[in-house]
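Data block below; observations after.
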Amino acid sequence: MNLNILVLPGDGIGTEVTREAVRVLRHVARKWNHTLHLSEGLLGGIAIHRTGTPFPEQTERLALAADATLMGAVGLPEFDNVPPEKRPEKGLLGIRKALGVYANLRPVRTYSALLDASPLKNHLVDGTDMIIVRELTGGIYYGTPRGILEDGGETRAVNTMTYTRAEIERVSRMAFHLARGRRKKVTSVDKSNVLENSQLWRRVVTEVAAEFPDVALDHLLVDNCAMQLVLNPRRFDVVLTENMFGDILSDEGAVLAGSIGMLPSASIGDRKPSGAWVGLYEPVHGSAPDIAGQNKANPLGAIGSVAAMLEYSFGLKEEAGAVNAAMEAVLQSGKVTADLRPSGAPATTEQVGEAVCAAIG
Ligand code: NAD
């Protein structure tokens with residue numbers, strides 16, 4: 001298969017973790033005989049330094065031409081006090097918008113070697129393996145009217161939650177497609193006992209479910225879902241929800257797995273003519289200026305993002321499974337970075353990348 005991928009290392013530890021993620025990608029391509037076309041672009045603080053803007057036109061062109069984009073992290077302390085539109089983080093919003101990615105996927109799985117890092121009891125969290133699918137471009141974060149108003153001597157704040165049928169349909173189809181490749185279960189999360197938005201959400205999700213008779217659907221109210229995530233996380237396969245509920249639930253899901261350096265994410269849009277799903281893959285963490293340039297960042301979130309890319313954008317389940325299994329083997333071996341508190345001397349970022357490749361074989 002042709003894997004046409006743009007790499008945007010970004011700032012701080014972004015460059016270090018993407019180097020290891022690319023090492024793993026090259027290894028997988030060699031082993032399974034895929035042809036890798038890699039391009040590299042500028043995003044974030046480094047892009048401001050070189051071109052004056054966090055999301056240069058050249059980067060946009062490269063992203064639109066690629067099948068998938070692998071991102072490190074952006075953000076440099078020197079920009080902490082500049083206005084939001086001039087900050088490196090503006091580049092993230094720019095690329096998400098340019099690519100039209102409307103579903104954010106957060107895989108949440110536990111690794112047996114890290115069970116003690118979870119705040120939950122081992123027997124509750126062991127075996128957790130879910131994906132939270134969050135609608136990314138609609139809902140209350142984007143609805144209008146919005147603002148803080150002076151109204152007859154009273155100050156009032158207004159936000160608007162709004163969804164169209166089309167917005168709900170496309171993200172629902174994505175969730176059902178994903179479930180088909182997994183344990184075939186979608187849990188849709190809403191607040192339909194109170195919100196009209198959620199009533200439309202539930203109606204449309206139920207209609208889309210009819211197109212996927214092999215996938216089971218259940219509905220949970222968001223308050224109950226927040227509770228079930230900590231009471232019985234193994235019950236979930238694919239969790240489908242709107243933007244704000246997903247924002248909150250995905251962070252709740254994130255802590256189940258342990259260190260922030262472990263967490264991958266994927267943002268997906270429509271299908272390209274090549275058959276690949278447009279996708280933007282990045283670890284959840286930021287540029288970590290406190291440890292940047294020291295070869296001690298945990299690259300597993302970035303490497304997990306490569307696994308997610310292989311699976312979601314290219315449908316390469318075997319390769320993705322091999323990367324995930326290799327990460328598990330490396331965790332078991334104890335060759336991990338300092339954030340995972342190894343019993344012996346911590347491994348470097350580079351050593352972890354090399355160990356994952358060796359474990360893939
Ligand atoms: P951060 O995620 O960069 O760091 C938080 C803490 O976690 C730090 O102590 C850091 O050392 C540690 N950490 C993070 N990733 C790690 C890894 N892979 N291995 C080991 N330790 C790791 O968050 P922050 O400090 O709030 O933000 C730093 C900069 O990153 C800011 O400029 C922020 O705006 C930016 N940021 C960018 C993104 C992104 O690019 N998607 C996300 C979050 C924050």
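Remarks
- Close Cβ contacts (under 9 Å, 6 or more residues apart or on different chains) running from residues in segment 72-99 that are loosely packed, with under 12 Cβ neighbours inside 10 Å to residues that are hydroxyl-bearing (Ser, Thr, Tyr) are absent.
- Boolean, Leu178 is under 27 Å from Tyr142 (Cβ atoms), open to solvent by less than 50 Å² (accessible area, probe 1.4 Å) and at pLDDT 95 or above: no
- Restricting attention to segment 112-130 and to residues that are polar (S, T, N, Q) and assigned to a loop (DSSP other than H, G, I, E, B), the residue that is nearest to the chain's Cα centre (by Cα) turns out to be Thr128.
- Every pair of residues 6+ apart whose Cβ atoms lie under 7 Å, when the first sits in segment 106-127 and is touching a residue at least 60 places away in the same chain (Cβ under 8 Å) and over 22 Å from Glu282 (Cβ atoms) while the second is among the acidic types (Asp, Glu) and open to solvent by 50 Å² or more (accessible area, probe 1.4 Å): Ser112/Asp126
- Residue in segment 271-292 that is nearest to Asp251 (Cα to Cα), counting only those that are loosely packed, with under 15 Cβ neighbours inside 10 Å and away from the ligand (no atom under 15 Å from the Cβ): Arg271
Okay, residues lined up against (1) aromatic (Phe, Trp, Tyr); (2) without any contact (Cβ under 8 Å) to a residue 12 or more places away in the chain; (3) assigned to a helix (DSSP H, G or I):
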| residue | (1), (2), (3) |
| --- | --- |
| Ala320 | no, no, yes |
| Ala325 | no, no, yes |
| Leu331 | no, no, yes |
| Lys335 | no, no, no |
| Pro342 | no, yes, no |
| Ala345 | no, yes, no |
| Gln351 | no, no, yes |
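- The single condition among (1) surrounded by 12 or more Cβ atoms within 10 Å (Cβ to Cβ); (2) more than 17 Å from Ile131 (Cβ to Cβ) that Lys184 does not meet is (2).
- Qualifying residue in segment 50-68 (condition: at positive phi, open to solvent by 10 Å² or more (accessible area, probe 1.4 Å) and free of Cβ contacts under 8 Å to residues at least 24 places away in the same chain): yes
- Residue within segment 331-340 that is away from the ligand (no atom under 16 Å from the Cβ) and either open to solvent by less than 40 Å² (accessible area, probe 1.4 Å) or not assigned by TED's automatic domain parsing to the domain that holds Asn2 (or both) present: yes
- Evaluating Lys317 against the criteria (1) within 16 Å of the ligand (Cβ to nearest atom); (2) within 19 Å of Leu36 (Cα to Cα); (3) of a type in the set (D, E, K, R); (4) open to solvent by 50 Å² or more (accessible area, probe 1.4 Å) leaves one unmet condition, (1).
Let's see how each residue does on (1) over 30 Å from Ser112 (Cα atoms); (2) of a type in the set (D, E, K, R); (3) assigned to a helix (DSSP H, G or I):
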position	(1), (2), (3)
Ser198	yes, no, yes
Asp218	no, yes, no
Met227	no, no, yes
Val230	no, no, yes
Leu240	no, no, no
Gly258	no, no, no
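- Every pair of residues 6+ apart whose Cβ atoms lie under 7 Å, when the first sits in segment 259-276 and is under 18 Å from Leu178 (Cβ atoms) while the second is part of a strand (DSSP E or B) and among the basic types (Lys, Arg): Ser265/Arg106
- Filter result for the condition that a residue is surrounded by 15 or more Cβ atoms within 10 Å (Cβ to Cβ) and in the same structural domain as Asn232 (by TED's automatic domain parsing), over Thr144, Thr160, Thr128, Thr164: Thr128
The values are calculated or read from the model by the stated rules, or taken from the named source; none is laboratory data. Everything quoted here is computed from the prediction, not taken from an experiment. For neighbour counting, all protein chains shown are included, and Cβ atoms are generated from backbone atoms with ideal geometry for every residue, glycine included. These area figures cover heavy atoms from the full protein model, side chains too; ligands, DNA and RNA do not enter into them. Shrake-Rupley method; radii C 1.70, N 1.55, O 1.52, S 1.80 Å.
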